[in-house]
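Below is one structure, written out as structure tokens; the observations come after it.
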Amino acid sequence: MENKSHSAKPVLLIMAFILLAIALYIQVSWIVVFNMEKLVTPADKTAYYMSHFPSFLQNSITLVFIAFLVSSGAFILSALSLNKLKNGLKGVAYLTIAVSLIVALLSLFQLM
């Protein structure tokens with residue numbers, strides 16, 4: 001019989017990518033809006049940034065906290081998937097860990 005624990009199904013890594021995409025969208029969209037030159041005042045930039053999200057997420061601290069949580073979740077899921085993956089996908093998992101750690105630290109410093 002085949003042992004199912006050795007099958008390399010990257011389900012955890014795919015879930016980590018989805019969580020990391022959410023965190024990256026929150027962080028990168030702020031960077032893009034902040035660098036827009038047509039919006040002059042910080043209030044205009046903040047209003048335009050908040051227009052990308054639903055009404056129940058119209059708080060910047062809530063968005064940063066969500067980015068921190070999902071990037072931490074991506075870090076944990078990638079770390080858990082490391083010992084179940086073959087060598088080819090381990091590099092992708094390490095990259096996911098590194099990017100999610102950077103986004104989590106960026107979110108953490110934004111919360112201070």
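The values are calculated or read from the model by the stated rules, or taken from the named source; none is laboratory data. Given the structure is predicted, the values throughout are model-derived calculations rather than measurements. Cβ atoms come from the backbone with ideal geometry, glycine included; neighbour counts cover every protein chain shown.
Some values worked out for this structure:
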item: Counted residues, region 58-80 - those being over 13 Å from I18 (Cβ atoms) and assigned to a helix (DSSP H, G or I); result: 15
item: Residue among L39, L20 that alone is modelled with pLDDT under 85 and surrounded by 16 or more Cβ atoms within 10 Å (Cβ to Cβ); result: L39
item: Out of K45, K86, K90, sole residue that is out of contact with any strand residue (DSSP E or B) (no Cβ under 9 Å at 6 or more places or on another chain), basic (K, R) and more than 30 Å from L13 (Cβ to Cβ); result: K45
item: Conditions (1) under 19 Å from L19 (Cα atoms); (2) part of a helix (DSSP H, G or I); number of the one not met by A47; result: (1)
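For every residue, the table says whether it meets (1) in contact with a Phe, Trp or Tyr (Cβ under 7 Å, 6 or more places away or on another chain); (2) surrounded by fewer than 17 Cβ atoms within 10 Å (Cβ to Cβ).
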position: M50; (1), (2): no, yes
position: A74; (1), (2): no, no
position: L77; (1), (2): no, no
position: N83; (1), (2): no, yes
position: G91; (1), (2): no, yes
position: I97; (1), (2): yes, no
